[in-house]
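The values are calculated or read from the model by the stated rules, or taken from the named source; none is laboratory data. No experiment lies behind these values; they were computed from the predicted model shown. Using ideal geometry, Cβ is built from the backbone for each residue, glycine included, and neighbour counts are taken over all protein chains shown.
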Amino acid sequence: MVGNRFKRWGGVILILSFLILVLFHRELEITRQLQGVFWGSVAILLFGLWDDWRNLSWKTQLLFQGFLVALLIFFGFQIDVFRGLNEVVFRLDGIMWQGVSVLSVVFVFFWVTSIINAVNWLDGVDSSMGAVALVGGLSILAVSFFPEVNQPAVGILASIFLGVMVAFLFFNFPPAKVEAGTSGSYFVGFILATLAIIAGSKIITLMIVLLLPLLDFGRVIFLRYKSGESIFKKDKRHLHYQLRDKGWQDWQIFLAYFVFLGGVLVIYLLLPTREMRFGLLLVEAVLLWIVLDFYV
């Protein structure tokens, strides 16, 4: 029992490596938002250890996720506007309270908690979470070079994240010697969600990568609700479990996730217009829904 628990502490090394590299990077300015990422990661490390040791209830986990969002809001995380098709602007700063946009807080809450839980539920097969994390980190790194973003700090953070993820996958690749545990899976979701906000709210870009775990996450919740079960009940309805039941090896699932998501990301980055990118997102959603409908 003790050995299995320590095996799930790979996320601890993942987080500590990231934090140390961030702190000692000479060209990285520690902004207020970066402080939020830092302290949020520290909180995840401690909470993850607690959860891996005590197996906390879903209520406690959701309460902690709310705390993370509150921490981010305190450190200046907010989204004021969205740009849709034809440059249509959707504003979220219409309702203000104590100098904070109410709609922005609501969106940040649902964005961060959805990504954290989707990634956490993805961590059921060796390296499946790692495939999404790698492509997600690459998407953030690519976005940092966009003229409208032009944020070297985001690129540095994404590079550090990719570096520690590659090192982690060296030990997590099937058959895994270490696992991410709650701390690792929460951390990956947290970093991807926050970097997308820092990078000029490039939510759609990251959605290209996270659409797979998010659709799987939403579909499983719907199936549990439809069958009268608790939506927080653990089961084997997720896509990666279904693929394994049909004879796929863990390394094949990793490769399929990585190649598909990486290919879609490359196409997305090469498309010249916002309309084409939204169209690609729709096509990807349809394809993934067909796959989920077949396997799940």
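So for the range 193-210 (the condition being hydroxyl-bearing (Ser, Thr, Tyr), under 24 Å from residue 64 (Cβ atoms) and at pLDDT 85 or above), does at least one residue qualify?
yes
Can you tell me which condition residue 133 does not meet? The list is (1) within 29 Å of residue 255 (Cβ to Cβ); (2) in contact with a Leu (Cβ under 8 Å, 6 or more places away or on another chain); (3) modelled with pLDDT under 90; (4) small (Gly, Ala, Ser), and all the others hold.
Failed condition: (3).
Is it the case that residue 24 is over 17 Å from residue 178 (Cβ atoms) and surrounded by 13 or more Cβ atoms within 10 Å (Cβ to Cβ)?
The answer is no for residue 24.
So that you can scan it fast, the table gives a plain yes or no per residue for (1) out of contact with any Lys or Arg (no Cβ under 9 Å at 6 or more places or on another chain); (2) farther than 30 Å from residue 147 by Cβ:
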residue	(1), (2)
204	no, no
225	yes, yes
237	no, yes
247	yes, yes
253	no, yes
261	yes, no
272	yes, no
281	yes, no
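I'd like to check which helices (runs of 4 or more DSSP H) are fully inside the range 235-296 and have at least 3 residues that are over 19 Å from residue 175 (Cβ atoms).
Per the criteria, 250-270, 274-295.
Name the pairs: first residue in the range 142-161 and modelled with pLDDT of 85 or more, second residue aromatic (Phe, Trp, Tyr), Cβ to Cβ under 8 Å, at least 6 apart or on different chains?
Pairs that qualify, where the first residue is modelled with pLDDT of 85 or more and the partner is aromatic (Phe, Trp, Tyr), are 155/145; 160/18; 161/18.
Could you check, for the range 207-215, whether at least one of its residues is at positive phi and not polar (S, T, N, Q)?
No, that holds for no residue.
Please work out which one of (1) surrounded by 13 or more Cβ atoms within 10 Å (Cβ to Cβ); (2) at pLDDT below 85; (3) not in a helix (DSSP H, G or I) is the condition residue 52 fails and give its number.
Failing condition for residue 52: (3).
Looking at 247, 189, 262 in this structure, which one is at positive phi and out of contact with any Asp or Glu (no Cβ under 7 Å at 6 or more places or on another chain)?
The unique qualifying residue is 247.
Return the total of residues in the range 216-231 being surrounded by fewer than 19 Cβ atoms within 10 Å (Cβ to Cβ) and closer than 28 Å to residue 139 by Cβ.
Within the range 216-231, residues that are surrounded by fewer than 19 Cβ atoms within 10 Å (Cβ to Cβ) and closer than 28 Å to residue 139 by Cβ number 4.
Name the single residue, out of those in the range 232-280 being surrounded by 13 or more Cβ atoms within 10 Å (Cβ to Cβ) and among the hydroxyl-bearing types (Ser, Thr, Tyr), that is modelled with the lowest pLDDT.
Looking at residues that are surrounded by 13 or more Cβ atoms within 10 Å (Cβ to Cβ) and among the hydroxyl-bearing types (Ser, Thr, Tyr), I get 241.
Conditions tested, residue by residue: (1) aliphatic (A, V, I, L, M); (2) surrounded by 19 or more Cβ atoms within 10 Å (Cβ to Cβ); (3) in a helix (DSSP H, G or I); (4) in contact with a His (Cβ under 9 Å, 6 or more places away or on another chain).
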site: 107; (1), (2), (3), (4): no, no, yes, no
site: 120; (1), (2), (3), (4): no, yes, yes, no
site: 125; (1), (2), (3), (4): yes, yes, no, yes
site: 131; (1), (2), (3), (4): yes, yes, yes, no
site: 140; (1), (2), (3), (4): yes, yes, yes, no
site: 146; (1), (2), (3), (4): no, no, no, no
